[in-house]
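A.B. asks: One structure is given below, represented as structure tokens, and several questions about it will come after.
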Amino acid sequence: MSTPFRGIYPILYAYFGQDGRLDEAAMRRQVRCCLAAGAHGLAVLGLATEVNKLSPAEKRDIVRWSAEEIGGRVPLAVTVAEATVEDAVAFVLEAKSLGADWCILQPPPVRGLPEAEYVGWYGLVAELVGRRSDIPLGIQNAAAYIGVGLSAGGVATLAKRHPNVKLIKAEDSAVEVERLIAAAEGRLTVFNGRAGLELPDCLRAGCAGLIPAPECADVQARIFDLMAAGDEQAAEAEYRRIAPMIAFAMQGVAMFLCYGKRMTAWRMGLPAITERAPALAPTPFGLACARRFADALGRYPGA
């Protein structure tokens, strides 16, 4: 594979205080719990971090707090969701200066263009970043959640043209991810998302790891380690423990932001949830389901 990055990279939720501002203590505690749980890396500023609700200063704060808590122990991946080429390049370089080890580019906020336009947009960002930094870049290929995705051929073309595009953060089935990995011909390190759904099969398909939200990332890190050690039977047993929780949460972005964030908070001992609008309101039944899943796993390591 094209990079040394491997394993389970929990992508942090954004926790807000009653004053509406980011809760720095909760964000730092989330990082410490993920590290205590055996995370192989961390990620920030994706859909789980509600990046579209954050100001530029808040984005920088989350990267800085995370890097400070990590202290170089594991890699930090930072999602870049800026709308223009110039802003995306600037944020990649700033993230690098704050402690990012690699960046994940989201597509521009324009839907329905020919694929060549998106390949060109990503390529221009990669070219301009490459003139000023050696930071590896990834592409978030999540058509189901953000409305834009590249085909396996488009991904392969991008990797061939731009050697600093070294990773893909996919959001697809294990079967489709295996096709993507084959098309990349070894040029890309591929992570999948989808909250860790199909984790063992994603690893069998050739994924370097997964980038789930943190609600059960402690168990997912253990599954990765078991698979790496060749103990697939034990890994499958662990996966069966968390599959119902994943199926419950992974029914849309609003759903996992509502309930996944709460399950993580309960397991990590974080304060009560304060939402930043717009947000899906939980129902009593939904909360009862989420509480049952969280209680079954117990407290997070380090909580």
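The values are calculated or read from the model by the stated rules, or taken from the named source; none is laboratory data. Just so it is clear, the structure is predicted and the values come from calculations on it, not from any experiment. Glycine also receives a Cβ, built like all others from the backbone with ideal geometry; neighbour counts cover every protein chain displayed. Just so you know, the surface numbers come from the protein's heavy atoms only, side chains and all, with ligands and any DNA or RNA stripped out. Shrake-Rupley method; radii C 1.70, N 1.55, O 1.52, S 1.80 Å.
A.B. asks: Which numbered condition in (1) under 25 Å from Val63 (Cβ atoms); (2) touching a residue at least 24 places away in the same chain (Cβ under 8 Å); (3) not polar (S, T, N, Q) is the only one that Arg131 fails?
C.D. replies: (2)
A.B. asks: Cβ-Cβ distance below 6 Å, separation of 6 or more or different chains: which pairs start in segment 280-303 with a residue that is within 13 Å of Gly260 (Cα to Cα) and of a type in the set (A, V, I, L, M) and end on one that is open to solvent by 60 Å² or more (accessible area, probe 1.4 Å) and in a helix (DSSP H, G or I)?
C.D. replies: Matching pairs, first to second residue: Ala294/Trp266.
A.B. asks: Follow-up question, since we're still on this one. Tell me, which residue of segment 155-167 that is part of a helix (DSSP H, G or I) and either out of contact with any strand residue (DSSP E or B) (no Cβ under 9 Å at 6 or more places or on another chain) or surrounded by fewer than 19 Cβ atoms within 10 Å (Cβ to Cβ) (or both) is modelled with the lowest pLDDT?
C.D. replies: Ranking the qualifying residues of segment 155-167, first place goes to Ala156.
Yes/no per residue for (1) surrounded by fewer than 17 Cβ atoms within 10 Å (Cβ to Cβ); (2) within 23 Å of Cys33 (Cβ to Cβ); (3) in contact (Cβ under 8 Å) with a residue 40 or more places away in the chain; (4) aromatic (Phe, Trp, Tyr):
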residue	(1), (2), (3), (4)
Phe191	no, yes, yes, yes
Gly196	no, yes, yes, no
Leu203	no, no, no, no
Leu210	no, yes, yes, no
Met227	no, yes, no, no
Gln233	yes, no, no, no
Ala237	yes, no, no, no
Ile246	no, yes, yes, no
Ala249	no, yes, yes, no
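A.B. asks: Checking the conditions here, which among Cys258, Cys289, Cys216 is part of a helix (DSSP H, G or I) and over 19 Å from Leu12 (Cα atoms)?
C.D. replies: Sole residue among the options that is part of a helix (DSSP H, G or I) and over 19 Å from Leu12 (Cα atoms): Cys289.
A.B. asks: Taking segment 168-189 on its own, how many of its residues are among the polar types (S, T, N, Q) and open to solvent by less than 10 Å² (accessible area, probe 1.4 Å)?
C.D. replies: The total comes to 1.
A.B. asks: Here is a follow-up. Residue under question is Arg111, and the condition is that it be surrounded by fewer than 17 Cβ atoms within 10 Å (Cβ to Cβ) and either modelled with pLDDT under 95 or over 18 Å from the mean Cα position of the chain (by Cα) (or both); does it hold?
C.D. replies: Yes, satisfied.
A.B. asks: Let me ask you something else. What residue, among those in segment 65-108 that are over 18 Å from Pro10 (Cβ atoms) and hydroxyl-bearing (Ser, Thr, Tyr), is surrounded by the most Cβ atoms within 10 Å (Cβ to Cβ)?
C.D. replies: Ser97
A.B. asks: Name the pairs whose Cβ atoms lie under 9 Å apart, with the first residue in segment 26-41 and in a loop (DSSP other than H, G, I, E, B), the second surrounded by 23 or more Cβ atoms within 10 Å (Cβ to Cβ) and of a type in the set (D, E, K, R), and 6 or more positions between them or separate chains?
C.D. replies: Listed by first residue and then by second, the contacts come to Ala37/Asp218; Gly38/Asp218; Ala39/Asp218.
A.B. asks: Let me ask something else about it. Quick one: count up the residues across segment 187-205 that are basic (Lys, Arg) and in a helix (DSSP H, G or I).
C.D. replies: Residues flagged as basic (Lys, Arg) and in a helix (DSSP H, G or I) within segment 187-205 amount to 2.
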